[in-house]
Amino acid sequence: MALLGAEYASSDEESSPPRQEPRKTAASTIIAAPEVSLDDPMRLQMMLAKPTDTDLTYNVPYADLTRPFQGPTNPFITTEGNALKRKNVLTGYAEEAAISDATFTNQHRTFQSRGYAQEPNANGALVGDLASAEKYGGRNIVQLKASRAKRQRQTKGDPSIVDGEGRYMGPWAKYQEDLQYEDEAALAEGELASDEEYIDESVAPVNMAPMSKAATNYQDDHSNQETTEFHGSSLIDYQGRSKLIHTWKHGTKPINALRFIPSTNHLLLSASADAKIKIFDVYRDRELLRTYSGHTKSVSDVNFNPSGTQFISGSYDRYMKIWDTETGACLSRFKSGAIPHCIKFNPSSPHEFLAGMSDKKIIQYDTRSGEMTQEYDHHLGPINTITFVDEDRRFITTSDDKSLRAWELNIPIPIKFIAEPHMFALTAAAPHPSGKSVCFQSGDNKIVVYAATDRFRQNRKKEFRGHNTSGYAVDIDLSANGDWVSSGDSGGWVCFWDYKTCKMHHKIRAGEGAITCVQWNRQTTSRVATAGLEGIIKYWD
């Protein structure tokens with residue numbers, strides 16, 4: 001009607017301006033309940049027939065799968081996702097992260113030792129004990145390796161000046177940090193306000209003139225010059241030999257183990273890759289006394305019982321055999337299915353022995369019943385060494401998994417686990433005669449020392465270097481008094497170190513091939529037996 005009126009309007013109405021009607025604003029709508037589709041209630045009833053069902057009873061259209069959520073809003077869902085995630089592990093929710101094995105091992109050991117680690121998905125954020133992380137600056141276990149700076153001392157001074165500035169201090173010169181502590185203590189206590197309080201007024205200070213350098217010249221003092229004089233007829237024997245005493249020929253194959261008989265050390269037992277074990281006389285005629293045959297493959301290790309009447313051998317034919325030393329009879333045989341790499345009798349219980357196997361296990365046998373009594377299976381690689389410590393109540397094992405574990409005898413749970421990122425496989429071991437430490441041959445061409453007490457910590461001040469052992473299982477041994485450490489070498493050398501100073505004292509050229517076996521004589525303490533890949537045993541003094 002408005003359009004009709006506008007079309008047939010008169011001329012007077014056209015001349016008058018059109019009337020403007022007030023503009024209406026849209027009223028705001030209030031939704032009291034969320035929008036819920038009720039187009040097909042039958043389909044909704046089919047979908048919610050049984051909330052506990054896990055299978056669909058009809059084919060869901062694609063339109064329903066892509067339809068937005070309907071109904072009340074879940075208050076536990078945030079904009080960042082579901083805050084209350086379900087557990088996928090026993091301790092909570094574990095997220096997947098792609099990191100290298102070295103990084104994971106580094107952070108895992110940092111968390112074990114310091115209590116904190118870096119979260120992989122949080123750009124280096126630390127989790128765990130934040131107080132400990134603040135104390136150590138958030139550094140990992142590799143960055144926390146000890147970097148000991150050398151302590152600075154005062155200058156020794158001039159020997160010609162007795163008193164005053166620049167006076168001679170000599171070995172009594174203090175360290176800089178000690179002087180700093182003394183200065184801080186002096187400032188902290190009011191009694192040390194001035195030096196005048198310490199002047200004894202009854203004794204007048206003496207201002208002595210500096211002594212002349214001629215008065216302190218000790219060049220003519222001969223009290224510290226030692227000399228010696230040889231009174232014998234010749235420094236060498238009639239054949240020109242100075243150190244080598246005797247040589248035994250075991251065979252053409254490499255020798256894997258050398259063992260002196262306990263207590264007397266008058267017999268030397270050798271095990272070779274030719275599957276034979278031989279025993280030699282050391283003191284009298286130095287002849288071959290007996291050959292023990294019975295293994296079909298290379299003999300990996302041999303070990304005497306504490307009395308020396310029997311010894312046990314392990315071979316790559318997977319057999320472990322106990323032999324009578326005197327008669328050569330095989331007393332018993334053991335087989336577990338794996339290759340024994342190292343075998344040790346329990347010194348306190350001669351009827352028990354431990355064997356480190358190629359299948360990552362240490363097994364314990366009772367020779368009286370012939371049965372396995374215990375199995376220790378926490379290592380992740382073949383076993384290299386077994387060493388009894390703490391009066392034979394505990395033992396230490398090393399493996400190709402680059403770790404060291406300490407065990408209580410008859411308890412298959414390790415009491416100490418040591419595995420650092422910088423560690424290499426420990427291939428040989430030798431206990432110190434004092435029983436307080438154990439030396440290990442490390443795969444990075446050095447010998448390291450670990451304590452044999454409760455904490456089993458590494459003595460970082462003792463490392464023996466200068467030889468090459470990479471690629472070979474080179475044996476080590478200590479002298480009877482514990483003053484000397486000896487080791488073979490891949491180049492045919494035998495090296496000797498001073499145990500206290502860790503300095504190499506001497507090297508002997510013992511063969512052309514690698515020297516893998518070294519044994520000290522516990523009775524004649526200056527003599528050493530060596531053997532290697534050439535199949536020749538040499539006896540040195």
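Observations, loosely collected:
- FRET efficiency estimate (nearest 0.05) - Cβ-Cβ, ASP483 to ASP390, R0 22 angstrom: 0.45
- Computed from the Cβ-Cβ distance with R0 of 56 Å, the FRET efficiency linking TYR58 to PHE424 stands at 0.30.
- Full extension of the segment from THR264 to GLN70, taken as 0.36 nm per residue of separation minus the current Cα-Cα distance, would add 60.7 nm.
- Mean projected area in nm² (Cα convex hull; one quarter of hull surface) for region 347-495: 9.1
- Rounded FRET efficiency, nearest 0.05, which uses the C-beta distance separating GLN112 from LYS243 and R0 of 41 Å: 0.25
- LEU354 exposes around 0 Å² of accessible area when a 1.4 Å probe is run over every protein chain in place.
- Euclidean distance between Cα centres, region 273-321 to region 513-541, Å: 16
- Loop trypsin sites (Lys or Arg not before Pro), region 257-337, which have at most 12 other Cβ atoms in a 10 Å radius of their Cβ (DSSP): ARG284
- Largest to smallest accessible area among ASP324, ASP400 [probe 1.4 Å]: ASP400, ASP324
- Rounded percent of accessible protein surface that carbon and sulfur make up, region 433-541, 1.4 Å probe: 46
- Of all accessible heavy-atom area on region 306-365, the percent that carbon and sulfur account for (1.4 Å): 46
- Taking 0.36 nm per residue of separation and subtracting the Cα-Cα distance, full extension of the segment from ARG509 to ILE411 would add 30.8 nm.
- Annotation for region 317-421: GluC sites (Glu not before Pro) lying in DSSP loop with at most 12 further Cβ atoms inside 10 Å of their Cβ are GLU326, GLU391.
- Per residue value of the accessible surface for region 325-447 (all protein chains in place, 1.4 Å probe), Å²: 41
- Too-long pairs where the Cα-Cα distance tops 28 Å, listed order kept, from LYS360/LYS538; LYS156/LYS507; LYS361/LYS436; LYS416/LYS461; LYS461/LYS507; LYS321/LYS500: LYS360/LYS538; LYS156/LYS507; LYS321/LYS500
- Cα gyration tensor shape of region 464-532, rounded if a/c is under 1.5, else prolate or oblate by comparing a/b with b/c: oblate
The values are calculated or read from the model by the stated rules, or taken from the named source; none is laboratory data. None of these values were measured; they are calculated from a predicted model. Counting neighbours? That spans all protein chains shown, and the Cβs are built from the backbone with ideal geometry, glycine included. Calculation scope for accessible area: heavy atoms of the full protein, side chains included, ligands and nucleic acids excluded. Shrake-Rupley method; radii C 1.70, N 1.55, O 1.52, S 1.80 Å.
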